[in-house]
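Scroll down for the structure; my scribbles are underneath it.
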Amino acid sequence: MARKKFLLCFHDFSVWNYQKVVPVLEELKDLVGAPFSVLVIPDTEKASAEAVQEFREVLARLQSEGFELAMHGYKHKAEFSQGRSYMGLIGMNLTHGEAEFAGLSEYESNRLLQAGLTAWSDLFDVRPVAFIPPTWYSNDHLRKQVRDLGMLFEDRFSLTTAKGKRLVSPVASFAGIPDFLVKPAFKFGELILKVPVGIPRIALHPVDFPTRAEAVRNLVRAGLGSDRKLVLYKEL
C-alpha cells in the first residue's frame, strides 16, 4: 500500500526577508533530509536593484537545491478595495489587508493574478507549479483562473490540481493567531498527521522563527516519523 502524503510549506518568502529566511530554510532542509515547498511573494516594486538581483540569484540557487517554488499572491498586501464583495471586505478586515484576492470580481482577480505572474517572470523563468492566495482568502473565479494557467490551487481546506482533482488538505498554521491558541494549533498539527485521510499541510511563516522554532522542529519530526511521506505540490 502506498504511503499517505503530507506537505511542508514555507510561506511569505520575499525580497524583503530572504537574507534572514534562507538560513531557516537550510536548517529545515537538514532536519527533513530533503527540500520542500517555498511560497514566494513575487513583488519587488520598491526594492533596490541590488536586492532584486540577489533575490533572483537566491531563488535560482534554491531551485537548484531541489526546493519547489510556488507563487504566493502578488504583493500579499492590498493597496485598495478593488470593488470587493462584502465577504471580501470582511476577509480584508480580518487579515489586516493581507487577503489581496478576497472577494474580487472576475476581471480584478485575473488582473491581479497576471500582475503577479509578470512580477514572477521578472525573477524566474519557470512558471510556478502552484498558486496560494495570501491568507487563503479567495473569490469565485480564482480557482479556475489558476487551473487554466496550469497551476495547482490551494485554499484553506483543500488542494485542486490543474486537472481539476480536489484533495482534502487540512492545514496547521501558527502565524497571526493569539498566543493562547498556539499550543492547540500545534496539537492540531499532530492530529492531522495521524488521521488517515487527506493530505495535511504544515504551513510555516517567517514570524514562527526563532520564537516557535523548537515546536516547529518537533512537529516536522512528527510528520517524518508518521506513516506519511513528505511530497511536493508537483507530485500530487
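The values are calculated or read from the model by the stated rules, or taken from the named source; none is laboratory data. Just so you know, these numbers come straight off a predicted model, no measurement behind them. Reconstructed Cβ throughout: ideal geometry from the backbone, glycine too, with neighbour counts over all protein chains shown. Surface areas here come from the heavy atoms of the whole protein model, side chains and all, with no ligands, DNA or RNA. Shrake-Rupley method; radii C 1.70, N 1.55, O 1.52, S 1.80 Å.
Tabulated values for the structure
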{"read-out": "Filter pass, Ala70 being under 17 Å from Ser14 (Cβ atoms) and either over 18 Å from the mean Cα position of the chain (by Cα) or not polar (S, T, N, Q) (or both)", "value": "yes"}
{"read-out": "Residue that is nearest to Leu117 (Cα to Cα) [pool: residues in segment 149-180 that are part of a strand (DSSP E or B) and of a type outside the set (A, V, I, L, M)]", "value": "Phe153"}
{"read-out": "Elements of type helices (runs of 4 or more DSSP H) in segment 18-95, at least 1 residues being open to solvent by less than 80 Å² (accessible area, probe 1.4 Å), touching a residue at least 40 places away in the same chain (Cβ under 8 Å) and of a type in the set (Val, Ile, Thr)", "value": "18-32, 49-64"}
{"read-out": "All positions within segment 1-17 that are more than 18 Å from Lys77 (Cα to Cα), touching a residue at least 60 places away in the same chain (Cβ under 8 Å) and part of a loop (DSSP other than H, G, I, E, B)", "value": "Arg3"}
{"read-out": "Which listed residue, of Arg147, Arg166, Arg201, is of a type in the set (D, E, K, R) and touching a residue at least 40 places away in the same chain (Cβ under 8 Å)", "value": "Arg201"}
{"read-out": "Residues satisfying the stated conditions in segment 35-81, i.e. at pLDDT 95 or above and touching a Gly at 6+ places or on another chain (Cβ under 7 Å)", "value": "Pro35, Ile41, Pro42, Met71, Gly73, Tyr74"}
{"read-out": "Ile192, sole failed condition from (1) touching a residue at least 24 places away in the same chain (Cβ under 8 Å); (2) crowded, with 19+ Cβ neighbours inside 10 Å", "value": "(1)"}
